[in-house]
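The values are calculated or read from the model by the stated rules, or taken from the named source; none is laboratory data. Predicted, not measured: the structure shown is a model, and the values here were computed from it. Counting neighbours? That spans all protein chains shown, and the Cβs are built from the backbone with ideal geometry, glycine included. When the accessible area is computed, the model is the full protein with side chains, heavy atoms only, and any ligands, DNA or RNA have been set aside. Shrake-Rupley method; radii C 1.70, N 1.55, O 1.52, S 1.80 Å.
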Amino acid sequence: MTPFISKLSAICIKKKLIEPEDVPWFEYGVETRIATAISMIPFTLLAVRLSDIPTALAFLAIFKFLRARTSGYHANSFLGCISVSLILELLFLGVFLKQLNAVTFYLSNGISFTIIFFLAPFIHPNMNFSEEEILALRYSSKKRIMLTTLLALMCDFLNYTAVARGLTTGTAMAAFMLCLAYYIDWRKST
């Protein structure tokens with residue numbers, strides 16, 4: 001994949017689409033987007049296998065929607081990321097989803113809402129965000145969790161149960177990964 005990305009960078013520099021000093025960021029961005037697109041194949045297949053299409057699509061969409069602003073646990077390698085993510089997807093769709101009833105649905109949404117609203121975003125020490133960028137992420141994550149929770153409750157009220165369950169499960173997994181990041185960070189500091 002690296003030779004392709006390097007060639008793409010050279011073309012973009014030649015056409016003056018990016019500056020030479022922006023090449024590392026450009027290549028990182030392209031590589032992560034390609035990796036995300038490729039990794040979505042096993043995640044989608046597993047999600048559909050463990051649930052149904054509406055639940056799987058709602059789960060994947062809302063998890064990605066929230067995770068983009070909340071951050072959370074990140075593995076040290078691409079293989080580690082895929083492995084941990086598949087294991088967590090297996091746990092959340094294979095175990096958690098099956099436990100959702102009226103009580104656990106509302107309880108999960110309330111707990112996930114509280115966690116994300118007050119803890120997001122997790123800023124990894126290697127990320128060099130300015131204070132303005134952190135505030136923007138915090139504001140955006142609050143808006144996203146409010147929207148997501150409202151959407152899950154509306155879907156449940158309108159009897160779009162599969163979608164409501166997928167939204168709830170994806171939100172719970174995003175909240176869990178956020179807590180996991182804080183827990184690991186706390187363990188490293190003690």
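Restricting the first member to segment 80-94 and to residues that are in contact (Cβ under 8 Å) with a residue 60 or more places away in the chain, and the second to residues that are of a type in the set (Ser, Thr, Tyr), the beta-carbon pairs closer than 7 Å and six or more apart or on different chains are Phe92/Thr169; Leu93/Ser51; Leu93/Thr169.
Restricting segment 112-147 to residues that are of a type in the set (S, T, N, Q) and in a helix (DSSP H, G or I) leaves a set whose member that is farthest from the chain's Cα centre (by Cα) is Thr114.
For segment 131-145, the set of residues classified as without any contact (Cβ under 8 Å) to a residue 24 or more places away in the chain and either surrounded by 13 or more Cβ atoms within 10 Å (Cβ to Cβ) or of a type in the set (Ser, Thr, Tyr) (or both) consists of Glu133, Ile134, Ala136, Arg138, Tyr139, listed by residue number. Restricting segment 99-111 to residues that are open to solvent by less than 70 Å² (accessible area, probe 1.4 Å) and under 19 Å from the mean Cα position of the chain (by Cα) leaves a set whose member that is farthest from Asp52 (Cα to Cα) is Gly110.
I'd like to know if segment 76-98 contains one or more residues that are over 26 Å from Ile38 (Cα atoms), β-branched (Val, Ile, Thr), in a helix (DSSP H, G or I) and open to solvent by 50 Å² or more (accessible area, probe 1.4 Å).
To start, the set of residues in segment 76-98 that are over 26 Å from Ile38 (Cα atoms) comprises 98.
When the remaining residues are screened for being β-branched (Val, Ile, Thr), the result is none.
No, every residue in segment 76-98 fails to be over 26 Å from Ile38 (Cα atoms), β-branched (Val, Ile, Thr), in a helix (DSSP H, G or I) and open to solvent by 50 Å² or more (accessible area, probe 1.4 Å).
The residues in segment 163-190 that are open to solvent by 30 Å² or more (accessible area, probe 1.4 Å), out of contact with any Gly (no Cβ under 7 Å at 6 or more places or on another chain) and either touching a residue at least 12 places away in the same chain (Cβ under 8 Å) or not in a helix (DSSP H, G or I) (or both) can be counted, and the count is 8. Scoring Thr114 on the criteria (1) open to solvent by 80 Å² or more (accessible area, probe 1.4 Å); (2) at pLDDT 95 or above leaves a single failure, condition (1).
Determine if segment 49-61 includes at least one residue that is of a type in the set (D, E, K, R), under 20 Å from Ala152 (Cβ atoms) and in contact with a Lys or Arg (Cβ under 6 Å, 6 or more places away or on another chain). Looking for residues that are of a type in the set (D, E, K, R), under 20 Å from Ala152 (Cβ atoms) and in contact with a Lys or Arg (Cβ under 6 Å, 6 or more places away or on another chain), one finds none in segment 49-61, hence no.
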